[in-house]
Amino acid sequence: MRKPLIAGNWKMHKTVSETLAYLRRFRELVAGVEDREIMIAPPFTALYMAGQELAGSHIRLGAQNAHWAESGAFTGEISPLMLKECGVTYVILGHSERRHIFGETDEMIRQRLSGVLSAGLKPILCVGETLEEREAGRTMEVLETQVRSALSGFSAAELQGLVIAYEPVWAIGTGRTATPETAQEAHAYIRGLLGDLFGKDRAAEVRILYGGSVKPENIASLMAQPDVDGALVGGASLDPETFARIVKYG
Ligand code: PEP
């Protein structure tokens, strides 16, 4: 049984004091929600304080990226070890904004994933096609390349805790959500790929989240799909009341 994971990606939003105010309110709103896992990924600067604030709570802390090395001459980067000490459990990797704005390649994402796993953190690997790729009929080919490149060379045992997020680029921050059927088709395809790589049983355990303009109004229909195991929520996770409504779907 895959426990749903509802994850918030704040991107470059919220200062330390704004994070604290949010978390205090959000904790009250989701108190008692136990049948689904909740994660929030604030910016790096707020992680330490958020880790202190969430210690002992059922809300998991996430980071929005991580470097592959433990330390070194990598100006502007943050290591998995640094994140772990802040109380981080999950690390988002390969987000489309990292791929398309900052030029992260499949190989860099594979290396980051390796560093995250070595530190005992859980990767949330984001994959997804652009509008141009979808219109050219290349969606599944793009998903296959992104999934295979990131996961090649790892054993099923090493990938314990892996989460995948299907995030069609055309749906991120656009208000244009994939239909539940479109999401299901991509999720089933990704699960099939995982089956080819690691066997059917392991593939059946991996949670595959949908991301792209998820809101309180569309979460339930997405979650009703058999291969949609949660959501990665950007814009709608910035307000505690709205995100709590998404968490409490159904
Ligand atoms: C995201 O940033 O991963 C995302 C899905 O954003 P939004 O929910 O705003 O589309």
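Residue by residue through the range 160-169, note down the ones that are in contact (Cβ under 8 Å) with a residue 24 or more places away in the chain and surrounded by fewer than 20 Cβ atoms within 10 Å (Cβ to Cβ). Across the range 160-169, the qualifying residue is only Gly161. Every condition in (1) closer than 19 Å to Leu5 by Cβ; (2) more than 16 Å from the ligand (Cβ to nearest atom); (3) out of contact with any Gly (no Cβ under 7 Å at 6 or more places or on another chain); (4) at pLDDT 95 or above holds for Glu141 except the one numbered (1). Evaluated against (1) within 16 Å of the ligand (Cβ to nearest atom); (2) among the small types (Gly, Ala, Ser); (3) over 18 Å from the mean Cα position of the chain (by Cα), Gly103 falls short on exactly one condition, (1).
Determine, yes or no, whether Glu132 is closer than 21 Å to Ala156 by Cα, open to solvent by 60 Å² or more (accessible area, probe 1.4 Å) and assigned to a helix (DSSP H, G or I). Steps first, answer last, please.
Values: closer than 21 Å to Ala156 by Cα: no; open to solvent by 60 Å² or more (accessible area, probe 1.4 Å): yes; assigned to a helix (DSSP H, G or I): yes.
Judged against the criteria, Glu132 is not a match.
Could you list, in sequence order, all residues of the range 227-250 that are assigned to a strand (DSSP E or B) and near the ligand (Cβ under 9 Å from one of its atoms)? Reasoning before the result, please.
Filtering the range 227-250 for residues assigned to a strand (DSSP E or B) gives 230-233.
Answer for the range 227-250, where residues must be assigned to a strand (DSSP E or B) and near the ligand (Cβ under 9 Å from one of its atoms): Ala231, Leu232, Val233.
Those helices (runs of 4 or more DSSP H) of the range 1-115 in which 3 or more residues are at pLDDT below 95, open to solvent by 70 Å² or more (accessible area, probe 1.4 Å) and within 25 Å of Tyr249 (Cα to Cα) are absent. The condition (being within 30 Å of Gly32 (Cβ to Cβ) and free of Cβ contacts under 8 Å to residues at least 24 places away in the same chain) is satisfied by just one residue among Gly56, Gly87, Gly103: Gly56. Please enumerate the residues belonging to the range 171-226 that are within 10 Å of the ligand (Cβ to nearest atom), open to solvent by less than 60 Å² (accessible area, probe 1.4 Å), touching a helix residue (DSSP H, G or I) at 6+ places or on another chain (Cβ under 7 Å) and in contact (Cβ under 8 Å) with a residue 40 or more places away in the chain. Matches in the range 171-226: Ile172, Thr177, Tyr210, Gly212, Ser213.
The values are calculated or read from the model by the stated rules, or taken from the named source; none is laboratory data. Only a predicted model underlies this, so the values are computations on that prediction, with no experimental measurement involved. Quick reminder, even Gly has a Cβ in these numbers, built from the backbone with ideal geometry, and neighbours come from all protein chains shown. Please note that ligands, DNA and RNA were not included when accessible areas were found on the heavy atoms of the full protein model with its side chains. Shrake-Rupley method; radii C 1.70, N 1.55, O 1.52, S 1.80 Å.
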